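What follows is a short report on a single structure.
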Amino acid sequence: MASDRLLELMQKGVTVEQVARVSRAFSDAGIMVHAYLMYGFPTETAQDTIDALERVRQLFAAGCIQSAYWHRFAATAHSPVGLHPEEYGITLRPPHNVTFARNDIEFDDPVGTDHDFLGRACARLFTTTCTVSASMPTCVSGSSRARKAVVAAAGITVAAVPFFPCRPQPSHRT
């Protein structure tokens with residue numbers, strides 16, 4: 001998640017900018033940062049997902065994170081989303097024939113984002129390869145041309161994403 005709106009809905013207690021600053025501090029201290037990310041949270045739009053992907057790309061480019069993994073959000077029976085779906089704007093679907101445990105719960109999100117499509121895009125285009133050298137790892141993400149093709153197919157834009165610098169900006173004192 002790289003959306004302040006969604007982080008607030010999840011009650012995470014942090015902002016994207018705070019995460020970027022902390023990631024930079026860990027990286028500067030020589031601690032490799034792995035970002036474990038999700039997509040498909042209730043009310044998440046295609047634009048939210050693409051904006052998050054762009055922010056993560058920026059964090060890689062700035063050396064704030066060294067690896068990342070994306071997974072699809074799953075509503076679970078005893079999570080806040082599963083217990084209070086109305087607070088997240090979703091409707092839970094009736095369970096299928098459950099023979100053992102009812103953990104993951106399917107839900108309908110009125111936003112209607114095609115998370116299956118975005119998940120395939122995440123898997124294909126934003127897989128990151130890292131090589132570790134004597135100092136720090138070097139990471140390369142999927143091709144720019146392929147990313148642009150998927151973004152165009154989804155009818156969304158990357159240009160609207162502001163950069164959250166993970167390196168402190170120099171002050172201009174006089």
Of the residues ALA29, ALA52, ALA68, which single one is more than 28 Å from ASP108 (Cβ to Cβ) and surrounded by 20 or more Cβ atoms within 10 Å (Cβ to Cβ)?
ALA68
For GLN58, only one of the following conditions fails: (1) surrounded by fewer than 20 Cβ atoms within 10 Å (Cβ to Cβ); (2) at pLDDT below 90; (3) within 21 Å of PRO80 (Cβ to Cβ). What is its number?
(3)
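crowded, with 21+ Cβ neighbours inside 10 Å, closer than 23 Å to GLU87 by Cβ and more than 10 Å from the chain's Cα centre (by Cα): does that describe GLU44?
Answer is yes for this residue.
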So, GLN66, is that one over 14 Å from the mean Cα position of the chain (by Cα) and at pLDDT 90 or above or not?
no
Select from the range 32-41 the residues that are on the phi < 0 side of the Ramachandran plot and surrounded by 14 or more Cβ atoms within 10 Å (Cβ to Cβ) and list them in ascending order.
VAL33, ALA35, LEU37, MET38, TYR39, PHE41
When both residues are 6+ apart or on different chains and their Cβ atoms are under 8 Å apart, which pairs have a first residue that lies in the range 53-65 and is in contact (Cβ under 8 Å) with a residue 24 or more places away in the chain, and a second that is part of a helix (DSSP H, G or I) and among the polar types (S, T, N, Q)?
LEU59/SER23; GLY63/SER27; CYS64/SER23; CYS64/SER27; ILE65/SER23; ILE65/SER27
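The values are calculated or read from the model by the stated rules, or taken from the named source; none is laboratory data. Everything quoted here is computed from the prediction, not taken from an experiment. Every residue, glycine among them, receives a Cβ derived from its backbone with ideal geometry; neighbour counts consider all protein chains shown.
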